Amino acid sequence: MSGQKMKKVIGFTVAILMSSTIASRAETLADALVSAYNNSGLLEQNRALLRAADEDVAQSVAALRPTLSYIASIDYAYSDLERPILGGYDQGLGAGLNLVAEMTLYDFGRNKLAVEASKESVLAARENLIGIEQQVLFNAVNAFLSLSEDLEFVDLRQNNLRVIGQELKAAQDRFEVGEVTRTDVSNAEARLAAAQAGLAEAKGEVAVSREVYNSAIGHYPTTLASPPRAPKVASSLDAARDVALRNHPDLKAVQRTIKVAELNEERAERLKYPTLNGTARAGMIGEWDEYDSTSAAISLDLSGPIYQGGRLPSLARQALAAVQAERAQLHLVSLAVQQNVGTAWARLLVSEASLSSRQAQVVAAQSAFDGTREEAALGARTTLDVLNAEQEVLDAKADVIVANTIRYLADYALLAQMGLLTAEHLKLKVQIYDPSVYYNAVENAPSGYSKQGKALDRVLKGLGKE
């Protein structure tokens, strides 16, 4: 084999290897969704907010338990009763140390209701987190498809530039032999300049979309794979609405907040009842360097309101109004969810019909262009006719690209309105965030010295917080 042939073989082999390497690095939509899920600052922020809500449960549970505190004091006593002439009598430094244990023994269930309300708030926050997850994943789909669309536009514009360049060359050749006028050549030159401008604009849109992609996905893309088949959605509008009314996180969140409001209303009603507290105190009192006496006491205190200027009835009315507001909110959210599902379904049907029509338009426009170019070669058509026909093909293909993107987005939009655009439902290869792990670690308000406290330390380390 000659050296020249060897170089060609090696070059061909390298080209194949590079092509396969690039293809292997092509990022799929699933890859983009995984990256968005793992790198979203918005998701991380709301997970932290959920953990903060978990701590409300721990604090409510702590209110049911006894508390132990200390009071240390130092005092300096001075009296002038015994030695007024010499300026008084110095009694020296005194010191005291007291330990105080307190516990609410009975409050007609107000603290227990607070615990239940905190738990319901946690469940509402979990639903809100699912809503944020849907938002993050839909933004990722939108960023992926937008960049894919813009890259297709670049390819389309480059092909258009090549075709118009051929038409300009043909017009120049025909002008030289006197078949067309200088006007035909100028028309082709104008279209070529417009095509160059269109290509520059398309490349600019790619640059913008890359920035959006980086923000939504967490990194800049290399090459993008073609989008896979769109996910399955409901078979009918009624079926989609039924799924949405059962699964949409906004609805579930409002249902939880209604329960919170109802529990708070009951707590407000019980504020008029007394509270029984128990207190135990032990202490030592004496000079700075020596304790003279010790003391201990246990007491039970029953306290309750008699008159507070109308504050308690106001709190009860306010809590009732909050319940009514949340129930009205449930109605509004239910209507909004049903409307959004109906809108997404309608857009899906329209996008399917539009895509089918646009594809037929491309076939017809391409056929017209081919015929016009053949007729122009026979002198029956002008160069401008050919350029116009080519522009029709370009516009039709561009419309197909847009219609295909809209069609794909419509599927994911409907999935989101049904409450199913989640990493779990899409079966993404990610470590699904489990909110119960942190909740279970703090639910019983562990101290830093208990086994639960040490387990919580491990959870925090796993979250990267320590």
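Can you pull the percent of the chain's accessible area that's carbon plus sulfur, 1.4 Å probe, other chains left in place?
Heavy-atom surface of the chain belonging to carbon and sulfur, 1.4 Å probe: 55 percent.
The stretch 357-410: Rg/Rh from Cα coordinates, Kirkwood Rh?
1.15
What angle, in degrees between 0 and 90 and rounded to the nearest 10, separates the Cα long axis of helix 451-462 from the longest principal axis of the Cα atoms of the chain?
Helix 451-462 sits at roughly 30 degrees to that axis.
Under a Cβ-Cβ cut-off of 13 Å, what is the net charge of the residues other than Gly204 that fall near it, where Lys and Arg count +1 and Asp and Glu count -1?
-1
Gln324 label point, 7 Å along Cα→Cβ, cut-off 16 Å on backbone N: hits in the stretch 240-284?
261-262, 265-266
Exposed loop trypsin sites (Lys or Arg not before Pro) only (DSSP loop, at most 13 other Cβ atoms within 10 Å): please give the longest stretch of the chain free of them, not including the sites.
Formally, the longest exposed-site-free interval is 1-228.
As a quick test, which of the pairs Lys252/Lys427; Lys119/Lys429; Lys119/Lys252 have an alpha carbon distance above 25 angstrom in this structure?
Lys119/Lys429
Can you report the principal axis dimensions of the stretch 334-435 using only the alpha carbons, biggest first, rounded to whole angstrom?
Reported extents, whole Å, longest axis first: 73, 34, 16.
If r is the Cβ-Cβ distance from Ala52 to Val402 and R0 is 51 Å, what FRET efficiency results, to the nearest 0.05?
0.75
Determine, from the Cβ-Cβ distance of Asp173 and Thr222 and an R0 of 41 Å, the FRET efficiency 1/(1 + (r/R0)^6), rounded to the nearest 0.05.
0.50
From the phi of every residue in the stretch 304-314, what ³J(HN,Hα) in whole Hz does the Karplus formula 6.51 cos²θ - 1.76 cosθ + 1.60 yield, where θ is phi - 60° and glycine or proline is x?
Taking θ as phi minus 60°, the curve returns x, x, 10, 8, 10, x, x, 5, 5, x, 5 Hz for the stretch 304-314.
Once phi is turned into ³J(HN,Hα) by the Karplus curve 6.51 cos²θ - 1.76 cosθ + 1.60 with θ = phi - 60°, what whole-Hz value does each residue of the stretch 362-376 show in order, with x for glycine and proline?
4, 4, 5, 5, 5, 5, 5, 5, 4, x, 5, 5, 5, 5, 5
What translational diffusion coefficient, in µm²/s and rounded to a whole number, does the Stokes-Einstein relation yield for the chain at 37 °C and a viscosity of 0.692 mPa s, taking the hydrodynamic radius as the Kirkwood radius over Cα pairs?
Using the Kirkwood radius from Cα pairs, D works out to 109 µm²/s.
Compute the Rg/Rh shape ratio of the stretch 201-269: radius of gyration over Kirkwood radius, all on alpha-carbon atoms.
Across the stretch 201-269, the Cα-based Rg/Rh ratio is 1.29.
Using +1 at the Cβ of each Lys and Arg and -1 at the Cβ of each Asp and Glu in the chain, identify which of Gly283, Ala321, Phe144 lies farthest towards the dipole's positive end.
Phe144
Need the list of aspartates and glutamates near Lys272 for cross-linking: C-alpha distance under 13 angstrom, and skip anything on the same chain fewer than eight residues off.
Qualifying aspartates and glutamates at Cα under 13 Å: Asp107.
Given +1 on the Cβ of Lys and Arg, -1 on the Cβ of Asp and Glu, and no further charges, what dipole in debye does the stretch 125-246 carry about its Cα centre, rounded to the nearest 20?
With only Lys, Arg, Asp and Glu charged at Cβ, the dipole is about 320 debye.
Classify the stretch 119-185: rounded, prolate or oblate, from the alpha-carbon gyration tensor (a ≥ b ≥ c, eigenvalue square roots; a/c under 1.5 rounded; otherwise prolate if a/b is larger than b/c)?
Prolate shape, in that a/c is at least 1.5 and a/b is the bigger ratio.
Working with all protein chains in place, sort Tyr37, Tyr307 by solvent-accessible area computed with a 1.4 Å probe, largest first.
Tyr307, Tyr37
Tell me, what is the 1.4 Å probe accessible area of Ser226, in Å² to the nearest 10?
Per-residue accessible area (Ser226): approximately 100 Å².
At a 1.4 Å probe radius, which order do Thr257, Thr67 fall into by accessible area, largest first?
Thr67, Thr257
The values are calculated or read from the model by the stated rules, or taken from the named source; none is laboratory data. Please read all numbers here as calculations on a predicted model, not as lab measurements. Cβ atoms come from the backbone with ideal geometry, glycine included; neighbour counts cover every protein chain shown. Areas reflect the complete protein model, heavy atoms only, side chains present, ligands, DNA and RNA absent. Shrake-Rupley method; radii C 1.70, N 1.55, O 1.52, S 1.80 Å.
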